[in-house]
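The values are calculated or read from the model by the stated rules, or taken from the named source; none is laboratory data. Note that the structure is a prediction, hence the values are computed from the model and not measured. Heads up, the Cβs are rebuilt from the backbone with ideal geometry, glycines too, and the neighbour counts pull from every protein chain shown. Remember, those area values only see protein heavy atoms, side chains included, never the ligands or the DNA or RNA. Shrake-Rupley method; radii C 1.70, N 1.55, O 1.52, S 1.80 Å.
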Amino acid sequence: ADGALVAYHSALHDITAAREARERAAIESERMKRLLELLPVPILLVRGPVRRPRRILICTAVGEPGKADIRIGGWMARQLGGSVTLLHVSAAGQPPPWVRDHLDRGVATLRSLEVAASLSVRPAATPAEGIRDEAREGDYDLVVVGRHPPELRADSENVTRQVIELAGCSVLVVPEGA
């Protein structure tokens, strides 16, 4: 992780990659926590054998931060020849029309990038549980999730950290404003 921080400061990067050194979740590492909080570029946390992601799950909340997740995840899918499922987790079942409009625009953005894209709205008690279940059932190679400023949520409510711990595959963390 320190090597990634040094590499970032020495050159321009669009994405920084970090490989887990041990079987434990990367988020348990204090260095990884620092990287997640400090780097202004997306961070790819590689879990398991390195392989080209073919099935990508982009998790989106509604609003401006979700647009960056879709744009960057879609760019990656385009470069790698992968397909995308755009996921929104809703505790209330089907989302209201304004949320559905955001999701439909996200799928349209992905298709404009010439990426095969589908949409999934998943009911779950928490966003992290819905993402975990979708990632496991869909056999995804990569999960894309947004990172919000650390001061906005306590660790126990930090969806990004929960997803990193639960996903079971590589995770691309997109900071707000990326």
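Observations
- Filter result for the condition that a residue is at pLDDT below 90 and in contact with a helix residue (DSSP H, G or I) (Cβ under 6 Å, 6 or more places away or on another chain), over Ala117, Ala128: Ala128
- Which listed residue, of Leu103, Leu110, Leu80, Leu44, is open to solvent by less than 60 Å² (accessible area, probe 1.4 Å), on the phi < 0 side of the Ramachandran plot and under 13 Å from the mean Cα position of the chain (by Cα): Leu44
- With respect to the conditions (1) of a type outside the set (A, V, I, L, M, F, W, C); (2) surrounded by fewer than 16 Cβ atoms within 10 Å (Cβ to Cβ); (3) touching a residue at least 60 places away in the same chain (Cβ under 8 Å), Arg161 lacks only one, and its number is (2).
- In the range 44-87, residue modelled with the highest pLDDT [restricted to those that are in contact with a Cys (Cβ under 8 Å, 6 or more places away or on another chain) and more than 18 Å from Gly177 (Cβ to Cβ)]: Leu87
- Residue within the range 154-163 that is of a type in the set (Asp, Glu) and at pLDDT 80 or above present: no
- Looking across the range 47-77 at every residue that is open to solvent by 30 Å² or more (accessible area, probe 1.4 Å) and assigned to a helix (DSSP H, G or I), the one that is nearest to Leu166 (Cα to Cα) is identified as Pro65.
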